[in-house]
1. Looking at (1) modelled with pLDDT of 90 or more; (2) touching a strand residue (DSSP E or B) at 6+ places or on another chain (Cβ under 9 Å), which is the only condition Glu526 fails?
2. Please go through the range 187-215 and pick out each residue that is closer than 24 Å to Ile176 by Cα and basic (Lys, Arg).
3. Check Ile36, Ile54 and return the single one that is surrounded by 13 or more Cβ atoms within 10 Å (Cβ to Cβ), in contact (Cβ under 8 Å) with a residue 24 or more places away in the chain and part of a helix (DSSP H, G or I).
4. Looking only at residues in the range 670-695 that are in a loop (DSSP other than H, G, I, E, B) and surrounded by 11 or more Cβ atoms within 10 Å (Cβ to Cβ), which one is modelled with the highest pLDDT?
5. Of these, Glu451, Glu485, Glu477, Glu455, which one is modelled with pLDDT under 85, acidic (Asp, Glu) and more than 19 Å from Ile615 (Cβ to Cβ)?
6. Please find, within the range 377-395, the residue that is nearest to Leu367 (Cα to Cα) out of those that are assigned to a helix (DSSP H, G or I) and of a type in the set (Lys, Arg).
7. Which of the residues spanning the range 81-103 are modelled with pLDDT of 75 or more, within 16 Å of the ligand (Cβ to nearest atom) and assigned to a loop (DSSP other than H, G, I, E, B)?
Amino acid sequence: MSLNEQTKAIQSFITKHSKVSDIPARELSDFYIQLIDCLVDHNHQYYIEDKPLISDKEYDDLFSYLKKIEEAHPEIITSNSPTQGLIGQISEWFQQAKHMTKLMSLENTYNAQDLKERDTRAKKIVEKNNSQVLSGGSLKFSVEPKFDGLSVELIYEKWIFKQAITRWDGRVGEDITVNMKTIKNIPQKLKDPIDISVRGEILMPKSVWKEINKEREEDGETPFANTRNAAAGSIKLLDSAEVARRGLVCYIYDVLKIEDGKLKMDILQFLWLPVFKWKKEADTIDEVIKICLDEKVKKELDSQDIEFDGLVIKVQNEEQREIIWATDHHPRRAVAYKFPAQLAATQVLSVDFQVGRTWIITPVANLEPVQLSWAKLQRVSLHNFDFIKDKDIHLHDWIWLQRSGEVIPYIVSVITDRRTGEEKIIHPPKVCPSCNEAVMQKDMHYYCVNEHCPEKTKQQIQHFVSKNCMDIMGIGESIVDLLVENKIIENIADIYKLSDPTIQIQLRKFPWFGDKKVTEIAKGVEESKHKALRRLLNGLWISHVGKKMAQDIASQIEEGRWKIENVDNLEKAITDITFLDSIYWIWEKTVESITTFFHNKHNLKLLEQLEKAGINIDPNKYTDLIKASEAKGSFSITGSFDLPREKIAELFQQQGYLLHESPTKSTDFMLIGEKAGSKKKKAQELGLIIYEWRESITKQFPFLKTIITETNKPKTQSLF
Ligand code: IVH
């Protein structure tokens, strides 16, 4: 029986025997063992595989039923019961480490009634111990967001960050110190020389998660279901350079241990530890409930770049906290309120196949349209055939859909109870849905290997002209379809034919192409020839080379001893292993795919065609907005500003300054915002003129007067 089936059987047993006393005596012991096995397996899915099969609520229901059995029959408690602390297996890659104090978990509540009950219980304990502490008969609370990430203990000795340990069973965890050091918002040194151990949550911002999932889909890997899985999967990687690339953040919310007499309000902030600045105060449980159920609160938190799965309600008053301190597993001074999961049930009507630019054919399910939070969903990716097999998805199955991180819907599980026997196996494609050529299978994927497959070509072109690549105006999706279907362009280099007068005459014959459109496209195409090398590198759509990596490669060429004047030079530089190794965070997989790309004859021909068309490949000669020879000067920019950095760079470019991604000897000046790091140091070493982002800068650059005043001096550009 699969874990899914076993869980369903247990859930229906519990529904039938809602009270433990309803369980027939002869079935009790067997059921108890089954329930433990089931919970242990779910713990393994959650903690080790990072692929939970059931929702937190379902898990909690199973867990509290187990507790009820053990309360009624303490004689049967076994040491492997999850109530006794141990959870699954610890990852063998990391050293085990002991926590300073036990890292407890919070009890979850799901509605107003749960919260009221907790309040009454806590009040009773306080009253019993010291009724004076209950001012006006109430407990005072604070309400904070509940981070949906991975709990971690950070230990500082005197000033210095010493160790990071994952929660695991609360007593022992994995020592992830090396990887933790790659998380940029965690200070290596505190403001004061204090011995302190704190608790926080490791998270992947939603924006990073989306980017990484895009890359994973493109590489044919199953995307991370949510930011929590992505954070958990990333912090436990063996390669710390790759962990650094994952853009994780960490927020601290609790002090576990501190030198005597040093604990005070706001100690975390005082020490420069990162705390999330969203907190509400409530004098009564009714006020807490109002906050928990307030749609505005939910919306506000949803709009952040961090995923929250609820709120944490903490008793504020120090004396009250002391009295109600803790049970064995949960602190009573805090409780979680979980937001209702965004789940919807719907049916798989049919399955389509889509071929992408990496040649992988992805199965996509067409659904009975269903409303999930604010959007109507009709399609969901099935990713690959391993995913279909793992989740046991069939045609006509009913499924649970979940939406996480606002956009991407995900299939949580099949609703096996709703099967009618009419369900059919989903067969892999035999031919490419676009060009009808036979497909090739490798591992879990099916590939279209036809170099000229029109769908692949269309996607490559769309990417090449997109904003982060050559940014060519006027060539939208439907125009690309039309150009490819009519064989006017067959690859990305053919785009440059569009400014050719004979092709323009041909274009005007199509109803969509008026004079204005044809001129707009020609202008965009011509302008793109002078754009930065990083745009071209991103546009080539080399596996693992996205916007950031393309920029790193271009900057490295710009700074290094490489003289790039033609495709030949570019190929030689880029495939030189010492060159690639000199890029700080580069990954073996990336080096491999860059080398493969530049060693492929077809790709080299394409590059030569682009060169012939007149596209710029010299990293020092680009003119995104102006021509290098006409530039007033060159500048580089670093740090955080009160408006997006790109916007500021664009303003300078519009004024005729040339942007250098990183400062070099030939850079004229450097613009510096808050928290500028290595680039600022480099600019100082190079002896460049440095302009801080404050009002005085308008003396030098009067065009900034409209956007900079003394009131908007640099603010920290945090994630929120
Ligand atoms: S306070 C004594 N505050 O939620 C326990 N926990 O079981 C102190 N969590 O993994 C916890 N956001 O790590 C606290 N603002 C927050 C939190 C938070 C997330 C985590 C906690 C644990 C889970 C609850």
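1. Among (1) modelled with pLDDT of 90 or more; (2) touching a strand residue (DSSP E or B) at 6+ places or on another chain (Cβ under 9 Å), the lone unmet condition for Glu526 is (2).
2. Lys189, Lys191, Arg199, Lys206 - these are the residues of the range 187-215 that are closer than 24 Å to Ile176 by Cα and basic (Lys, Arg).
3. Going through Ile36, Ile54 in turn, just one is surrounded by 13 or more Cβ atoms within 10 Å (Cβ to Cβ), in contact (Cβ under 8 Å) with a residue 24 or more places away in the chain and part of a helix (DSSP H, G or I): Ile36.
4. Gly673
5. Selected residue: Glu451, the only one of Glu451, Glu485, Glu477, Glu455 that is modelled with pLDDT under 85, acidic (Asp, Glu) and more than 19 Å from Ile615 (Cβ to Cβ).
6. Checking each candidate, the answer is Lys391.
7. Listed by number, the residues that qualify are His99, Met100, Thr101, Lys102, Leu103.
Results for (1) modelled with pLDDT under 70; (2) away from the ligand (no atom under 16 Å from the Cβ); (3) not in a loop (DSSP other than H, G, I, E, B), shown as yes or no for each residue.
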site	(1), (2), (3)
Gln304	no, no, no
Gly310	no, no, yes
Arg321	yes, no, yes
His329	yes, no, no
Ala341	no, no, no
Ala345	no, yes, yes
Leu349	no, yes, yes
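The values are calculated or read from the model by the stated rules, or taken from the named source; none is laboratory data. No experiment lies behind these values; they were computed from the predicted model shown. Positions of Cβ are backbone-derived with ideal geometry, glycine not excepted, and every protein chain shown enters the neighbour counts.
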